[in-house]
Amino acid sequence: MIGVFKRLKMWSPRPLKKTYDVVIIGAGVHGLATAYELARRGVRNIAVLERYYIGAGSSGRNTAIIRSNYRTPEGVAFYDQSVKIYEKMSVDLDMNVMFSQRGHLTFAHTEQAIAGLRVRAEINQLTGVDSRVIYPSEIARLAPAVDLSSRPRFPVLAALYHPPGGIIRHDAVVWAYARAASRLGVDIHPFTTVTGINHGGGVVTGVDTSRGAIGAGTVVNSTAGWASTIAAMVGLRLPIVSHPLQALVTEPLKPFLDPVLVSATLNVYVSQTDRGELVIGAEIDPYSSYSNRSTLPFMEASAAHVLELLPSISSVKVLRQWAGVCDMTPDYSPIMGFVPGLKGFVLDVGWGTYGFKAGPISGRCIAELIHTGVTPDLIKPFSITRFASGEMLGEKAAAAVSH
Amino acid sequence: MSFLLPCPQCGPRDVYEFRYGGEAQRRPAPGSPRSTWTAYLYDRTNAAGVEDAWWYHRLGCKRWFRAVRDTRDNTVLKSTAPTVPPRDANDPPGD
C-alpha cells in the first residue's frame, strides 16, 4: 500500500556527457520517439536536449486529435502508420495513453466542399484507410447534438466520416516515450538550451548548449515552433513560417459528444475529452509570431462558430485558453530527412498543425534513417528537396483547421 | 497575441484589419539561376526576433506597407509606407 504514495520516476536524470553518437534537439513526442526507436535498434549513447521541461512545446499544446484521413496518397500512408502505432501504444509502452477512437467528422457546408471530401474519401479508401462521405441522416445518429437544421448560415450538408480517428492524452504519450527511452539508456536533459551547432566543411560535429559543448556524430532537429532558429545555426534557411495556433477548453459537461467535429467553413473544431471538457480550436493566427499569448478575438470567433454546430452549449463557460507555435510549410506537409551537403544533420521539422499525430511513425522512420543511413520509402516524399523539384504534397485541404 | 499595428495612413489599428504579406525580401534579377528562385520562393529567415515584413490594410486604406516587429512579443518598432517607386514592372514596390 505504501508503494502507492511513492513518487513515480518516469526517467532518470543522468550526467551530461562530453560526446554522444546522436544528439536530438527537442524532447517532445518526435524527439523522444526518435530516441526510443534508435535505442530499440541497438544504438546507444543518445541524448535528447530540451530547453524547458519535457513536452513543454507543441507536444503539450496540441489538441490531441489522431487521424489519417489526409489528401495525398503519400500523406495518408504515412499518417496511417502512426495511427496503427498509437492503437497499440498503451500495451507496447506500458502506459495508458487513453487513445479513444471515437470517430472523426469533417463537415462540408457547400457543394464544393462535398467534392473535396469525396476526393479524400476515395484516396483514403484506395490506401486502405476507413473513411467515407456520409449525409445528415447518418450524422444525426453519430452526433445528435449537432444542429443539422437549415437555421445556421452555412447548414451542414455532408461529412467525411473517419471511424479510426479520435483523441488521446498527449502528455501520457510524451511521458511513455520518455520512460521507455530512459529505460533503454537514453539520456534526457531538460533545461538544456542549444545555443549553437558546431559544423565545418559540410560536417556537423556537435552542439553548444547552456551547459557546455557536446560532441555529436548526428544532430537531429526535432523542434516544433523553433525549427528555423535551430536550422539557422547551421546556416540553413527552411521553407517555414511560424504562426501561433490557439485553443480553448470549456468546463466539464456530461458526455454528449462522441466524434471529433471539424468544420473548415466555420473555422473551428471541437471534441469532448474523457473528463467532459470541450476542446475547441481554430485555424492558425493569420500572421507570423513566436508569441504564445492567446487572444480575445480568437475566443470570440471560436465561440460564435462552435455555436453554429452545437447551439446547446451557449451557456457553457470557458476554463482556459492557450496558444502554441506552428511551423507552417508552403504545402502543409512536414520536412523529414537528410540535408544535401550537410553530413550529420537530420531534419524532422515543419510539423505545422499535424505534428503530434505523426510523432510515433516519424520517430520510427528518422531512427531507421539515422541507423541505416538510408531514407525509408515512407518518408522519401517529404524530403527538403521537394521544393526545388516542385514535387509538393498539398495537404492544405486536409490539414488546415482540422489538425 | 493580438496587438495594434500602426498603419502609416490610418494610424494604430487592430492587427485583424490587416493581411500579413510575409517577410520583406529582394526579388532576384531576371535570369538568376533556378536555385536562387527556389530560395526566393520558399526559404524564409522566419526570425524569432526583429522581422521586417509586408502588411496590407485590407479593412482600411487598402495599401501595402512595411512594419518592423519583434515576432517574440509582437512589439511593432516601426512602420513605413513604401516611398521608393518601383524600378520596373517586375519589381515589388519600395524594394
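As for segment A:188-197, it holds no residue that is more than 26 Å from the chain's Cα centre (by Cα), away from chain B (no Cβ under 14 Å), in contact (Cβ under 8 Å) with a residue 40 or more places away in the chain and more than 22 Å from A:TYR53 (Cβ to Cβ). If you go through segment A:96-112 and keep only what is open to solvent by 30 Å² or more (accessible area, probe 1.4 Å) and touching a residue at least 12 places away in the same chain (Cβ under 8 Å), you end up with A:ASN96, A:MET98, A:PHE99, A:GLN101, A:ARG102, A:THR110, A:GLU111.
Among the residues of segment A:223-247, the ones that are farther than 19 Å from B:TYR20 by Cα, within 9 Å of chain B (Cβ to nearest Cβ) and either open to solvent by 10 Å² or more (accessible area, probe 1.4 Å) or of a type in the set (Val, Ile, Thr) (or both) come to 5 in all. Condition test on B:ARG69, is it of a type in the set (Lys, Arg), at pLDDT 95 or above and out of contact with any Cys (no Cβ under 9 Å at 6 or more places or on another chain)? So B:ARG69 fits the description; yes. Is it the case that segment A:379-396 has a residue that's touching a Phe, Trp or Tyr at 6+ places or on another chain (Cβ under 6 Å) and in a loop (DSSP other than H, G, I, E, B)? Yes, some residue in segment A:379-396 is touching a Phe, Trp or Tyr at 6+ places or on another chain (Cβ under 6 Å) and in a loop (DSSP other than H, G, I, E, B).
Within segment A:292-309, can one find any residue that is away from chain B (no Cβ under 14 Å), touching a strand residue (DSSP E or B) at 6+ places or on another chain (Cβ under 6 Å) and closer than 30 Å to B:ASN74 by Cβ? Yes; the residues of segment A:292-309 include at least one that is away from chain B (no Cβ under 14 Å), touching a strand residue (DSSP E or B) at 6+ places or on another chain (Cβ under 6 Å) and closer than 30 Å to B:ASN74 by Cβ. Within segment B:1-35, restricting attention to residues that are of a type in the set (S, T, N, Q) and away from chain A (no Cβ under 11 Å), the residue that is least open to solvent (accessible area, probe 1.4 Å) is B:SER32. Please specify each residue of segment A:127-141 satisfying the condition of being crowded, with 18+ Cβ neighbours inside 10 Å and more than 12 Å from A:ASN69 (Cα to Cα). If the condition is that a residue be crowded, with 18+ Cβ neighbours inside 10 Å and more than 12 Å from A:ASN69 (Cα to Cα), then A:ILE139 is the only one that fits. Evaluate the following for A:ASP208: is it of a type in the set (Asp, Glu), assigned to a helix (DSSP H, G or I) and within 30 Å of A:LEU16 (Cβ to Cβ)? No; evaluated as a whole, the condition is false for this residue.
Within segment A:198-215, being open to solvent by 10 Å² or more (accessible area, probe 1.4 Å), in contact (Cβ under 8 Å) with a residue 12 or more places away in the chain and either of a type in the set (Gly, Ala, Ser) or not assigned by TED's automatic domain parsing to the domain that holds A:ILE54 (or both) holds for A:GLY202, A:SER210, A:GLY212, A:ALA213, A:GLY215. Inside segment A:326-364, residues that are open to solvent by less than 10 Å² (accessible area, probe 1.4 Å) and without any contact (Cβ under 8 Å) to a residue 60 or more places away in the chain make up a count of 3. Within segment B:36-68, the only residue that satisfies the criterion of being among the basic types (Lys, Arg), more than 10 Å from chain A (Cβ to nearest Cβ) and without any contact (Cβ under 8 Å) to a residue 24 or more places away in the chain is B:LYS62. With the structure loaded, tell me whether A:SER302 is open to solvent by 40 Å² or more (accessible area, probe 1.4 Å) and either of a type in the set (Asp, Glu) or assigned to a helix (DSSP H, G or I) (or both) or whether it fails that test. Taking the combined requirement at face value, the residue does not satisfy it. Is segment A:115-126 home to any residue that is farther than 27 Å from A:PHE256 by Cα, assigned to a strand (DSSP E or B) and either of a type in the set (Gly, Ala, Ser) or open to solvent by less than 30 Å² (accessible area, probe 1.4 Å) (or both)? No. Annotation: of all residues in segment B:1-51 being of a type in the set (D, E, K, R) and part of a strand (DSSP E or B), the one that is nearest to A:ARG386 (Cα to Cα) is B:ARG44. Residues in segment A:155-177 include none that are within 14 Å of chain B (Cβ to nearest Cβ), out of contact with any Cys (no Cβ under 7 Å at 6 or more places or on another chain) and free of Cβ contacts under 8 Å to residues at least 60 places away in the same chain. Taken over segment A:212-261, the criterion of being out of contact with any helix residue (DSSP H, G or I) (no Cβ under 8 Å at 6 or more places or on another chain) and basic (Lys, Arg) is satisfied by A:LYS254 alone.
Please work out if A:LEU184 is surrounded by fewer than 24 Cβ atoms within 10 Å (Cβ to Cβ), within 14 Å of another protein chain (Cβ to nearest Cβ) and more than 30 Å from A:GLU277 (Cα to Cα). When the stated conditions are applied, A:LEU184 does not pass them. From the list A:PRO239, A:PRO259, A:PRO255, exactly one residue is touching a Pro at 6+ places or on another chain (Cβ under 8 Å) and of a type outside the set (S, T, N, Q). Which is it? Step by step, each of A:PRO239, A:PRO259, A:PRO255 is checked, and only A:PRO239 is touching a Pro at 6+ places or on another chain (Cβ under 8 Å) and of a type outside the set (S, T, N, Q).
The values are calculated or read from the model by the stated rules, or taken from the named source; none is laboratory data. Note that the structure is predicted; figures quoted are calculated from it, not measured. Cβ atoms come from the backbone with ideal geometry, glycine included; neighbour counts cover every protein chain shown. Surface accessibility is based on the protein's heavy atoms, side chains included, excluding ligands, DNA and RNA. Shrake-Rupley method; radii C 1.70, N 1.55, O 1.52, S 1.80 Å.
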